[in-house]
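Everything on this sheet refers to the single structure shown next.
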Amino acid sequence: MDFFRFENDIPFTRYRLFSFTLSIIITISSVYFLATKGLNLAVDFTGGTVMEISYQQPADLNKTRQVLADIGMPDAIVQNFGTSRDVMIRLPVKEEHAGGDLSETVIAALKADDPSVEMRRIEFVGPQVGDELLENGLLALLFVAMGIVAYLAFRFEWKFGVSCIIANLHDVLTILGCFSFFQWEFDLTVLAAVLAVLGYSVNESVVISDRIRENFRKLRKATTEHVINNAITETMSRTIITHGSTQLVVVSMFLFGGEALHNFALALTIGILFGIYSSIMIASPTLLLLGAKREDLVKIRKPKEEVVP
Amino acid sequence: MNRYPLWKYIIIAASILLGLLYTLPNFFGESPAVQISPLRAGAHTDTALLQRVEQTLKQQNIPYSGTILEATGIKIRFADTDTQIKAKDILSAEIDSNDYIVALNLLPNSPQWMRHISALPMYLGLDLRGGVHFMLQVDMDGALTKSLDRFSADLRSTLREKRIPSAGISRERSKVIIKFRDGQARERAIAEFKKAFEDLDFQPDNSAGEPRLVISIKPEALIGMQNSAVQRNITTLRNRVNELGVAEPIIQQAGADRVIVQLPGVQDTAKAKEILGRTATLEVRMVDEKGDIDAALRGAVPLGTELFTERGSGPILVKKQILLTGDRITDAQPGFDQDNQPAVHLTLDNNGSRIFKQLTRNNVGKRMAILLVEKNLTEVVTAPVIREEIGGGRVQISGKMSSIEARDVALLLRAGALAAPMEIVEERTVGPSLGAENITKGFNSTLYGFLGVAAFIMVYYSSIGVISTIALAINLLFLIGLLSILQATLTLPGMAGMALTVGMAIDANVLINERIRDEIRHGASPQAAIHAGYDRAWDAIIDTNLTTMLAGIGLMVFGSGPVKGFAVVLCLGILTTLFSAVTVSRAMVNLMYGNRKLTHVPIGSIKMLKKSSKKN
């Protein structure tokens, strides 16, 4: 089998006007949604209490709400979670319940109402911890982004680092934009997924850059544009297979991993799809715009000895 | 050209064998057990204790399937959880709870010889085994206030001893301020203080129109105090957790002022929180006999005193100055006094005994109040008249309390006081059924993901694809083996990291295989194509993996809890990928094809390029 093989180079860079326009629209709308709607931050970041409880029979949410209102928590959010018997309760941070003894009160009240209720999970995060996590998350993003630029600048050339990170941040922004638009819950695992995407989608650009460098040595008379397009076309089948495999695993996580890995898998899916798009349609044309040329790469290292067949 | 020297094959075979060996313990499962561990330095777990345990179990007709005697405790294995719980109840009744804790535990079922070579299963995180995780924050301001109060008491007594006149001593936030009548007295005070208090900084100040001395704690001393406060709190917490009887609790410092407590298998979070959060300290202060209690009840509490309620009696005025605190207590036991009333017997340390002796000698005939401070509530337990000097460091508190109260007070005092108040800032509780579900889910998503990738790769790349798949499986084996050797904690995000490693690791093999196909398209001979494929793909493989590693390190450095678990697996997965995708798969290819004349590379059907000649 040989699916993704193309006889001639596909002129990817020629569509740059289209792809840049599309990406600018995506970027602007992501920023717009983030600014207006914000992220639906989970308790990990905002602080508060989340409880997951399970009833023997399908749960009567109104009754649960009533019980909570009776003990002075009318602002609790009660919803089904997974199945009709599982219920998730969210409570904001309460001044008078510093130190997380809120969950005890709730469990006691629910047990009094229906002794069959079973506690599955409690998460309480104090506000001071949440702020720190957000701060650390942003620091991690910065650290990774700078690390990638530095590494690529060292291995290739600064233009490769810059074009790659522009494409990467575009992916990150897209994920955040989607989470903001659909108001999916953004928790710690999603943050981990975003950072993993940052490291993962750079692979694409690296493989292409690697091929570009090689092509500069091999196709001595070709234009930069030709070299880039050829590199992308030649690595196309690898791109599709690799991302397909990763996506397969992520889908498996989405289907079988349960609620805890749901949003993690979702973020990775968006990251993988946009990772392909951005490294081909954004990173490479950006490289062209930055004026990458043969001398940037070829003079740095002596050409490797060719293996003569 | 596609041959490896023998030593390379040996290294690869050896690492696969090691990987297998250390992965194996994870598949044996665990059986319910009861763990008996010593609570005090004096208590040992020895064969005598083991015999006693075995005898007890035999007498009660409780079958057990094995015992392990270790320096850290005795573990007894049972067939099912019902027997385990029954045995625990019987053993806790039999064994002195002051010397040993009897706790429920799970023991790996792997054979003895595996344990001898430290082939142990991975440690499951709380999200996979159920239990509770707390993060507690030490209130440093509280610790500071406490020590400043202690310092002001010491400063005051120094002034009195040296007969230096002063016009009042007070604490203002993080500073102690002493007013003086004249500058000369201040000079003398500074000279005396500098001799006695190395940790303090003294700043004369005249801005308020009178000679004052502003005293603060030196920054370096402050750091030392904070560290020791956290350390002492950890010790105290450890004592308290022991009272809960939890097997293998984790109590460790996290950052400058936080402590993490993890209690596997604990279901009763209310009880756990109550025990952890209890702060009982004892304070000895003098009763203010002259104060007007009626006026105080109306709100006019005399300066330098506080109004409390005496247990079983009425309101009482007590001086603010703390003469002795619970820090000086080395032991507390419930018991009875001369009149056969429930009492708590305290033993003080050397310093405490000295202070107490001096205190009782100087105040014969006066009333002393013993206060119990618990959960920010202060109560006067008893306020006896001092009849004579009490030396020797043995003190007895006999207020109006029941024997149960006496036992609780003794337990709280024995568990020690916190050096600084603490607050729960994070709690994560996972029920045991959810934990078991999480394991299944994590396992399934890795399994199905692996099967999907394997099926595709084998169909697409035929024989070479089979080799890639085996390399991928070996990669997973290495990863689990490595995690087991490192005794890393496996969490659900960690399992996600494992699944993701499967998806990402195949990238290296795809790069290689595509390269081989490329070379064939361009007319290379089969052996040359394989050689060039592995050789040329290496650059891209190392670059892609190192950049992903960078993200992993970022997560490890800045992430916390579950995210860190994910990052560790991700980074280790990259390391095993580099080895297995390149070296192991190549060894297999070399073994299979290296010595043969190949007419074609079994890497699936390839569309040949028509214009291939133009490329070279």
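The values are calculated or read from the model by the stated rules, or taken from the named source; none is laboratory data. Quantities reported herein were computed from a predicted structural model and do not represent experimental measurements. Neighbour counts run over all protein chains shown; Cβ positions are idealised from the backbone, glycine included. Keep in mind that these areas ignore ligands, DNA and RNA; they rest on the heavy atoms of the full protein, side chains included. Shrake-Rupley method; radii C 1.70, N 1.55, O 1.52, S 1.80 Å.
Relative to the longest principal axis of the Cα atoms of chain A, helix A:102-113 runs at roughly 50 degrees. Projecting the Cα atoms of A:L68, A:G82, A:I53 onto the charge dipole of the range A:48-125 (Cβ charges, centred on the Cα centre) puts A:G82 farthest toward the positive pole. Using +1 at the Cβ of each Lys and Arg and -1 at the Cβ of each Asp and Glu in the protein assembly as shown, identify which of B:A208, B:V373, B:Y461 lies farthest towards the dipole's positive end. Value computed over the given set: B:Y461. Of all the options A:G47, A:G257, A:G130, the one that moves most in a Gaussian network model of chain A with Cα springs shorter than 10 angstrom is A:G257.
With every protein chain kept in the model, how would you rank B:E274, B:E388, B:E283 by accessible area, 1.4 Å probe, largest at the top?
Numbers: B:E274 85, B:E388 125, B:E283 25 Å².
Descending order: B:E388, B:E274, B:E283.
Its alpha carbons give the range B:1-126 an Rg and a Dmax of 19.9, 73 Å. Residues B:H600, B:H522, sorted by accessible area with the largest first, give B:H600, B:H522 [1.4 Å probe; ligands and nucleic acids excluded].
Compute the angle between helix B:140-161 and the longest alpha-carbon principal axis of chain B, please, reported from 0 to 90 degrees and rounded to the nearest 10. Helix B:140-161 sits roughly 30 degrees off the main axis of chain B. For the protein assembly as shown, the share of accessible area belonging to carbon and sulfur comes to 57 percent (1.4 Å probe, ligands and nucleic acids excluded). Between B:Q112 and B:T378, the C-beta separation translates, for a Förster distance of 41 Å, into a calculated FRET efficiency of about 0.15.
With all protein chains kept in place, the per residue accessible area of the protein assembly as shown amounts to 45 square angstrom at a probe of 1.4 angstrom. Would you work out which of B:T145, B:G131, B:I177 lies farthest towards the positive end of the dipole of the range B:120-189? Charges go on Cβ: Lys and Arg +1, Asp and Glu -1. The residue sitting farthest along the positive end of the dipole is B:I177. If I model the range B:280-417 as equal point scatterers sitting on the Cα atoms and use the Debye formula, what is log10 I(q)/I(0) at q = 0.12, 0.13, 0.22 Å⁻¹? The Cα Debye sum returns log10 ratios of -0.45, -0.53, -1.47. The modelled label-to-label distance for the pair A:L138/A:D70, using points 7 Å beyond Cα in the direction of Cβ, is 4.4 nm. If R0 is taken as 35 Å, the Cβ-Cβ distance between B:S402 and B:N350 corresponds to a FRET efficiency of 0.60.
When the pairs B:K146/B:K273; B:K195/B:K320; B:K319/B:K366 are compared against a 19 Å limit on Cα-Cα distance, B:K146/B:K273; B:K195/B:K320 fall above it. Approximating the spin labels as points 7 Å out from Cα along Cα→Cβ, the B:H600-to-B:Q487 distance works out to 5.5 nm.
In a reduced charge model with +1 at each Lys and Arg Cβ and -1 at each Asp and Glu Cβ, chain B shows a dipole moment near 1800 debye about its Cα centre. Taking the alpha carbon gyration tensor of chain B, multiplying each eigenvalue by 5 and rooting it gives semi-axes of 67, 33, 18 Å, largest first. Computed over chain B, the per-residue total of -39500 (n - 2.57) for DSSP H runs of n ≥ 4 gives a 222 nm mean residue ellipticity of -16500 deg cm²/dmol, rounded to 500. With only the Cα atoms considered, chain A has a convex hull volume of 162 Å³ per residue. Mind grabbing the accessible area of B:I101 for me, 1.4 Å probe, Å², rounded to tens? Per-residue accessible area (B:I101): approximately 20 Å². The mean sequence separation of alpha-carbon pairs under 8 Å and at least six residues apart, normalised by the residue count of the range A:48-125, gives a relative contact order of 47 percent.
Judged by the gyration tensor of its Cα atoms, with axes a ≥ b ≥ c, the range B:206-361 is oblate; a/c meets the 1.5 cut and b/c is at least as large as a/b.
With a Förster radius of 30 Å applied to the C-beta separation of A:L61 and A:K94, the computed FRET efficiency comes to 0.90. For the range A:48-125, the Cβ-based charge dipole about the Cα centre amounts to some 240 debye (Lys, Arg positive; Asp, Glu negative; other atoms uncharged). Buried surface for the A/B pair, taken as the accessible area of each chain alone minus that of the pair with a 1.4 Å probe, is close to 6900 Å² in total.
Among A:D113, A:D171, A:D131, the largest mean-square fluctuation in a Gaussian network model of chain A (Cα springs under 10 Å) belongs to A:D113. Residue separation of B:S174 and B:E187 scaled by 0.36 nm, minus their Cα-Cα distance, works out to 2.4 nm of gained length. Taking the inverse of the mean 1/r over every pair of distinct Cα atoms in the protein assembly as shown gives a Kirkwood hydrodynamic radius of 32.6 Å. The modelled label-to-label distance between A:L17 and A:D2, using points 7 Å beyond Cα along the C-beta direction, is 3.6 nm. Relative to the dominant Cα principal axis of chain B, helix B:183-196 is inclined by about 50°.
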